[in-house]
Amino acid sequence: MIPELHIPELDNFFYLPEEIINVLDSLEKLARKHSVNILVVGRQGCGKSSLISQFAAYYKRPLAVFQIGQLSEPGQLFGEHALKGGDTYYQEFLFPRAISTPNCVVHLEEINRPEHPKALNELFSVLSEDRSIWSDQLGLIKVAKGVVFFASMNEGEEFTGTDSLDVALRDRFYILPVDYPSVEIEKKILTSKTGIDDNQAGMILKIIGSLRSDPNIDETISVRHSLMIAELMVAGGSLRESLIYSLSVSRDLIESLLLAVHVETKETIIKSSEYKLFL
Ligand SMILES: Nc1ncnc2c1ncn2[C@@H]1O[C@H](COP(=O)(O)OP(=O)(O)OP(=O)(O)O)[C@@H](O)[C@H]1O
Ligand SMILES: [Mg+2]
(Lines give C-alpha, C1' and ligand atoms only; values in the text may rest on other atoms or scores of the structure.)
(Ligands and ions follow the chains in the order given, each with its own letter.)
Protein backbone atom coordinates (compact mmCIF):
# COMPACT_ATOMS: atom_id res chain seq x y z
CA MET A 1 0.00 0.00 0.00
CA ILE A 2 1.26 3.45 -0.90
CA PRO A 3 0.66 5.90 1.97
CA GLU A 4 -1.53 8.93 1.26
CA LEU A 5 0.16 12.25 0.64
CA HIS A 6 -0.90 15.00 2.98
CA ILE A 7 -0.21 18.64 3.79
CA PRO A 8 1.90 18.80 6.97
CA GLU A 9 0.85 20.77 10.02
CA LEU A 10 2.08 24.32 10.36
CA ASP A 11 4.66 24.87 13.12
CA ASN A 12 3.53 28.06 14.84
CA PHE A 13 6.96 28.70 16.25
CA PHE A 14 9.25 28.32 13.30
CA TYR A 15 11.69 31.18 12.86
CA LEU A 16 13.66 32.06 9.74
CA PRO A 17 15.61 35.11 8.59
CA GLU A 18 13.30 37.48 6.72
CA GLU A 19 15.45 37.26 3.63
CA ILE A 20 15.04 33.48 3.43
CA ILE A 21 11.28 33.83 3.89
CA ASN A 22 11.19 36.30 1.00
CA VAL A 23 13.28 34.08 -1.26
CA LEU A 24 11.06 31.11 -0.45
CA ASP A 25 8.04 33.19 -1.39
CA SER A 26 9.56 34.12 -4.75
CA LEU A 27 10.52 30.51 -5.39
CA GLU A 28 6.99 29.40 -4.60
CA LYS A 29 5.64 31.90 -7.14
CA LEU A 30 8.12 30.64 -9.69
CA ALA A 31 7.12 27.06 -8.98
CA ARG A 32 3.61 27.87 -10.12
CA LYS A 33 5.07 28.49 -13.61
CA HIS A 34 7.42 25.52 -13.74
CA SER A 35 9.00 23.03 -11.36
CA VAL A 36 11.90 24.31 -9.29
CA ASN A 37 14.66 22.56 -7.38
CA ILE A 38 15.88 23.98 -4.09
CA LEU A 39 18.88 22.65 -2.17
CA VAL A 40 18.86 23.42 1.56
CA VAL A 41 22.32 23.18 3.06
CA GLY A 42 23.34 23.61 6.65
CA ARG A 43 24.76 21.96 9.70
CA GLN A 44 23.18 19.07 11.53
CA GLY A 45 19.87 19.84 13.21
CA CYS A 46 19.76 23.47 12.07
CA GLY A 47 16.21 23.15 10.79
CA LYS A 48 16.53 21.98 7.17
CA SER A 49 13.81 19.33 7.27
CA SER A 50 11.49 21.53 9.30
CA LEU A 51 11.99 24.42 6.86
CA ILE A 52 10.85 22.18 4.01
CA SER A 53 7.89 20.84 5.95
CA GLN A 54 6.95 24.40 6.97
CA PHE A 55 7.12 25.49 3.32
CA ALA A 56 4.67 22.72 2.41
CA ALA A 57 2.42 23.57 5.35
CA TYR A 58 2.43 27.33 4.70
CA TYR A 59 1.67 27.01 0.99
CA LYS A 60 -0.74 24.14 1.58
CA ARG A 61 1.14 21.66 -0.53
CA PRO A 62 1.35 17.92 0.06
CA LEU A 63 4.76 16.71 1.26
CA ALA A 64 6.63 13.49 0.49
CA VAL A 65 10.03 12.75 2.02
CA PHE A 66 12.60 10.30 0.61
CA GLN A 67 15.77 9.15 2.32
CA ILE A 68 18.23 9.32 -0.55
CA GLY A 69 21.03 8.42 1.87
CA GLN A 70 19.53 4.95 2.13
CA LEU A 71 19.36 4.14 -1.57
CA SER A 72 21.54 1.19 -2.29
CA GLU A 73 20.67 0.50 -5.93
CA PRO A 74 19.23 2.31 -8.97
CA GLY A 75 15.49 1.99 -9.52
CA GLN A 76 14.77 1.71 -5.82
CA LEU A 77 12.68 4.86 -5.65
CA PHE A 78 10.11 3.66 -8.14
CA GLY A 79 9.11 0.22 -6.99
CA GLU A 80 10.09 -3.39 -6.70
CA HIS A 81 9.03 -6.83 -7.82
CA ALA A 82 7.09 -8.56 -5.11
CA LEU A 83 5.41 -11.92 -4.65
CA LYS A 84 1.73 -12.47 -4.05
CA GLY A 85 0.14 -15.91 -4.05
CA GLY A 86 3.03 -17.35 -6.04
CA ASP A 87 2.89 -14.62 -8.72
CA THR A 88 5.33 -11.79 -9.06
CA TYR A 89 4.00 -8.32 -9.59
CA TYR A 90 5.48 -4.83 -9.64
CA GLN A 91 4.78 -2.86 -6.51
CA GLU A 92 4.90 0.87 -7.14
CA PHE A 93 6.44 3.07 -4.42
CA LEU A 94 5.53 6.55 -3.27
CA PHE A 95 8.04 8.42 -5.45
CA PRO A 96 6.26 8.06 -8.83
CA ARG A 97 3.00 9.07 -7.16
CA ALA A 98 4.60 12.10 -5.45
CA ILE A 99 6.21 13.51 -8.59
CA SER A 100 2.98 13.14 -10.52
CA THR A 101 0.92 14.91 -7.83
CA PRO A 102 0.42 18.58 -8.76
CA ASN A 103 2.08 21.06 -6.35
CA CYS A 104 3.70 18.31 -4.30
CA VAL A 105 6.77 19.18 -2.25
CA VAL A 106 9.24 16.35 -2.80
CA HIS A 107 11.99 16.31 -0.18
CA LEU A 108 15.12 14.36 -1.05
CA GLU A 109 17.02 13.94 2.23
CA GLU A 110 20.78 13.51 2.32
CA ILE A 111 21.07 13.83 -1.41
CA ASN A 112 24.86 13.84 -1.19
CA ARG A 113 25.08 10.48 0.52
CA PRO A 114 23.38 7.68 -1.39
CA GLU A 115 24.86 4.29 -0.57
CA HIS A 116 25.07 3.55 -4.28
CA PRO A 117 26.43 6.36 -6.51
CA LYS A 118 24.27 5.28 -9.46
CA ALA A 119 21.15 5.52 -7.34
CA LEU A 120 21.03 9.22 -8.21
CA ASN A 121 20.99 8.68 -11.98
CA GLU A 122 17.26 8.51 -12.32
CA LEU A 123 16.88 11.70 -10.34
CA PHE A 124 18.77 13.61 -13.02
CA SER A 125 15.96 13.33 -15.53
CA VAL A 126 13.25 14.43 -13.14
CA LEU A 127 15.35 17.33 -11.90
CA SER A 128 16.53 18.44 -15.32
CA GLU A 129 14.69 20.05 -18.20
CA ASP A 130 12.84 16.94 -19.39
CA ARG A 131 11.04 16.59 -16.05
CA SER A 132 10.05 13.07 -16.86
CA ILE A 133 11.44 9.59 -16.59
CA TRP A 134 10.86 6.34 -18.37
CA SER A 135 10.28 3.27 -16.26
CA ASP A 136 10.03 -0.15 -17.89
CA GLN A 137 7.37 -1.12 -15.41
CA LEU A 138 5.42 2.12 -15.10
CA GLY A 139 5.92 3.77 -18.49
CA LEU A 140 6.61 7.49 -18.86
CA ILE A 141 6.27 9.33 -15.56
CA LYS A 142 5.94 13.08 -15.96
CA VAL A 143 6.59 15.58 -13.20
CA ALA A 144 3.24 17.26 -12.49
CA LYS A 145 2.60 20.98 -12.60
CA GLY A 146 3.89 22.99 -9.67
CA VAL A 147 6.00 20.23 -8.11
CA VAL A 148 8.84 21.63 -5.96
CA PHE A 149 11.88 19.46 -5.38
CA PHE A 150 13.76 20.20 -2.20
CA ALA A 151 16.99 18.41 -1.45
CA SER A 152 18.80 18.72 1.84
CA MET A 153 22.33 17.96 2.88
CA ASN A 154 24.51 18.48 5.88
CA GLU A 155 27.30 20.80 5.14
CA GLY A 156 29.64 21.82 7.89
CA GLU A 157 33.22 21.52 8.92
CA GLU A 158 32.69 17.92 9.91
CA PHE A 159 31.21 16.95 6.57
CA THR A 160 33.05 16.53 3.32
CA GLY A 161 31.69 19.85 2.07
CA THR A 162 30.72 21.34 -1.24
CA ASP A 163 32.31 18.68 -3.40
CA SER A 164 30.21 15.97 -1.90
CA LEU A 165 27.36 16.60 -4.31
CA ASP A 166 27.85 15.91 -7.98
CA VAL A 167 28.41 19.22 -9.79
CA ALA A 168 25.91 18.50 -12.55
CA LEU A 169 23.27 17.75 -9.99
CA ARG A 170 24.05 20.74 -7.83
CA ASP A 171 23.89 22.93 -10.91
CA ARG A 172 20.17 22.30 -11.18
CA PHE A 173 19.30 23.73 -7.77
CA TYR A 174 18.70 27.08 -6.18
CA ILE A 175 20.81 26.99 -3.04
CA LEU A 176 19.45 28.01 0.32
CA PRO A 177 21.99 28.04 3.15
CA VAL A 178 20.53 27.85 6.64
CA ASP A 179 22.28 28.12 9.97
CA TYR A 180 21.54 27.90 13.66
CA PRO A 181 19.47 30.83 14.91
CA SER A 182 20.89 33.46 17.29
CA VAL A 183 20.74 32.86 21.04
CA GLU A 184 17.72 35.17 21.42
CA ILE A 185 15.79 33.33 18.75
CA GLU A 186 16.82 29.94 20.09
CA LYS A 187 15.53 31.07 23.50
CA LYS A 188 12.19 31.96 21.92
CA ILE A 189 12.10 28.56 20.22
CA LEU A 190 12.73 26.80 23.53
CA THR A 191 10.18 28.78 25.53
CA SER A 192 7.44 28.66 22.92
CA LYS A 193 7.90 25.03 21.91
CA THR A 194 8.48 23.43 25.30
CA GLY A 195 6.91 25.87 27.77
CA ILE A 196 10.18 26.17 29.70
CA ASP A 197 10.58 29.48 31.51
CA ASP A 198 12.82 32.22 30.23
CA ASN A 199 15.30 31.88 33.03
CA GLN A 200 15.83 28.15 32.60
CA ALA A 201 16.05 28.49 28.82
CA GLY A 202 18.72 31.13 29.37
CA MET A 203 20.65 28.76 31.61
CA ILE A 204 20.54 25.93 29.05
CA LEU A 205 21.75 28.22 26.32
CA LYS A 206 24.54 29.58 28.49
CA ILE A 207 25.99 26.10 29.04
CA ILE A 208 25.38 25.05 25.46
CA GLY A 209 27.04 28.26 24.34
CA SER A 210 30.23 27.32 26.22
CA LEU A 211 30.16 23.84 24.70
CA ARG A 212 29.59 25.18 21.21
CA SER A 213 32.56 27.48 21.44
CA ASP A 214 34.82 24.78 22.88
CA PRO A 215 37.22 23.68 20.11
CA ASN A 216 37.81 20.35 21.88
CA ILE A 217 34.24 19.23 21.41
CA ASP A 218 33.58 17.44 18.13
CA GLU A 219 29.90 16.96 18.66
CA THR A 220 27.64 19.54 17.08
CA ILE A 221 25.12 20.80 19.58
CA SER A 222 22.07 21.61 17.55
CA VAL A 223 18.68 23.18 18.11
CA ARG A 224 17.39 19.61 18.28
CA HIS A 225 19.62 19.11 21.35
CA SER A 226 18.60 22.31 23.08
CA LEU A 227 14.95 21.33 22.55
CA MET A 228 15.61 17.86 23.99
CA ILE A 229 17.23 19.37 27.08
CA ALA A 230 14.40 21.86 27.57
CA GLU A 231 11.75 19.17 27.16
CA LEU A 232 13.42 16.95 29.70
CA MET A 233 13.56 19.82 32.19
CA VAL A 234 9.90 20.63 31.65
CA ALA A 235 9.17 16.95 32.31
CA GLY A 236 10.90 17.24 35.67
CA GLY A 237 14.60 16.67 34.98
CA SER A 238 17.17 18.88 36.67
CA LEU A 239 19.39 21.07 34.51
CA ARG A 240 22.29 18.73 35.22
CA GLU A 241 20.42 15.55 34.32
CA SER A 242 18.85 17.07 31.26
CA LEU A 243 22.23 18.14 29.93
CA ILE A 244 24.00 14.89 30.72
CA TYR A 245 21.34 12.65 29.21
CA SER A 246 20.79 14.71 26.07
CA LEU A 247 24.38 15.26 25.01
CA SER A 248 27.22 12.89 24.40
CA VAL A 249 29.66 15.20 26.12
CA SER A 250 31.65 14.08 29.15
CA ARG A 251 29.91 14.43 32.51
CA ASP A 252 32.95 16.06 34.01
CA LEU A 253 32.89 18.83 31.48
CA ILE A 254 29.18 19.43 31.99
CA GLU A 255 29.64 19.41 35.74
CA SER A 256 32.47 21.91 35.60
CA LEU A 257 30.37 24.21 33.42
CA LEU A 258 27.48 23.82 35.84
CA LEU A 259 29.75 24.74 38.71
CA ALA A 260 30.71 27.87 36.89
CA VAL A 261 27.09 28.97 36.63
CA HIS A 262 26.13 27.44 39.96
CA VAL A 263 25.69 30.76 41.68
CA GLU A 264 23.01 31.68 39.18
CA THR A 265 21.30 28.28 38.94
CA LYS A 266 21.29 27.56 42.68
CA GLU A 267 20.97 23.92 41.58
CA THR A 268 22.26 21.34 43.97
CA ILE A 269 24.95 19.47 42.21
CA ILE A 270 25.03 15.83 43.15
CA LYS A 271 28.18 14.19 41.90
CA SER A 272 26.95 10.66 41.55
CA SER A 273 23.78 8.92 42.57
CA GLU A 274 23.22 5.92 44.77
CA TYR A 275 21.93 2.67 43.29
CA LYS A 276 18.39 1.72 44.17
CA LEU A 277 15.83 -0.76 42.89
CA PHE A 278 14.12 0.24 39.67
CA LEU A 279 10.69 -0.95 40.83
N1 LIG B 1 14.55 28.07 13.09
C2 LIG B 1 13.85 27.20 13.83
N3 LIG B 1 12.69 27.57 14.41
C4 LIG B 1 12.01 26.68 15.16
N5 LIG B 1 12.39 25.41 15.39
C6 LIG B 1 13.54 25.00 14.83
C7 LIG B 1 14.33 25.87 14.03
N8 LIG B 1 15.41 25.20 13.59
C9 LIG B 1 15.30 23.96 14.10
N10 LIG B 1 14.19 23.83 14.83
C11 LIG B 1 13.74 22.60 15.52
O12 LIG B 1 14.90 21.80 15.75
C13 LIG B 1 14.66 20.42 15.46
C14 LIG B 1 15.63 19.92 14.42
O15 LIG B 1 15.33 20.48 13.14
P16 LIG B 1 15.41 19.65 11.78
O17 LIG B 1 15.10 18.23 12.02
O18 LIG B 1 14.60 20.39 10.81
O19 LIG B 1 16.95 19.82 11.45
P20 LIG B 1 17.77 19.25 10.20
O21 LIG B 1 18.68 20.34 9.80
O22 LIG B 1 16.86 18.68 9.20
O23 LIG B 1 18.57 18.09 10.91
P24 LIG B 1 19.47 16.93 10.21
O25 LIG B 1 20.73 17.62 9.83
O26 LIG B 1 19.68 15.95 11.32
O27 LIG B 1 18.68 16.40 9.07
C28 LIG B 1 13.18 20.35 15.02
O29 LIG B 1 12.39 19.97 16.14
C30 LIG B 1 12.85 21.77 14.60
O31 LIG B 1 11.48 22.05 14.74
MG1 LIG C 1 16.77 16.67 8.37
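The values are calculated or read from the model by the stated rules, or taken from the named source; none is laboratory data. As the structure is a prediction and not an experimental result, all values here were calculated from the model. Positions of Cβ are generated from backbone atoms using ideal geometry, with glycine treated the same way; all protein chains shown enter the neighbour counts. Heads up: the accessible areas ignore ligands, DNA and RNA and are worked out on the full protein's heavy atoms, side chains in. Shrake-Rupley method; radii C 1.70, N 1.55, O 1.52, S 1.80 Å.
Counting only protein heavy atoms and a 1.4 Å probe, the chain has 57 square angstrom of accessible area per residue.
Sorted largest first, the spans of the alpha carbon positions of the chain along the three principal axes are 68, 50, 34 Å. Relative to the dominant Cα principal axis of the chain, helix 223-234 is inclined by about 50°.
Accessible surface ranking for MET203, MET228, 1.4 angstrom probe, highest first: MET228, MET203.
Taking the alpha carbon gyration tensor of segment 183-265, multiplying each eigenvalue by 5 and rooting it gives semi-axes of 18, 14, 12 Å, largest first. Between SER238 and GLU129, full extension at 0.36 nm per residue minus the direct alpha carbon distance yields a gain of 33.7 nm. Extending 7 Å from Cα along the Cβ direction at LYS118 and again at PHE13 yields two label points whose distance is 4.8 nm. Volume of the convex hull of segment 91-144 (Cα atoms only), normalised per residue: 96 Å³. Report, to the nearest 10°, how far helix 251-260 tilts away from the longest principal axis of the Cα atoms in the chain, using its own Cα long axis and a range of 0 to 90°. Helix 251-260 sits roughly 60 degrees off the main axis of the chain. Rg over Rh for segment 18-177 works out to 0.98, both radii taken from alpha-carbon positions and Rh defined as the Kirkwood radius.
Just the protein heavy atoms count here, and of the accessible area of the chain at 1.4 Å, carbon and sulfur take up 52 percent. 3J(HN,Hα) along segment 140-147: 7, 10, 9, 6, 6, 4, x, 5 Hz, from the Karplus curve 6.51 cos²θ - 1.76 cosθ + 1.60 with θ = phi - 60°, whole Hz, x for Gly and Pro. Less than 5 angstrom separates the built amide H of LEU39 from those of ALA151, TYR174, ILE175, LEU176, all sequence-distant by 5 or more or on a different chain.
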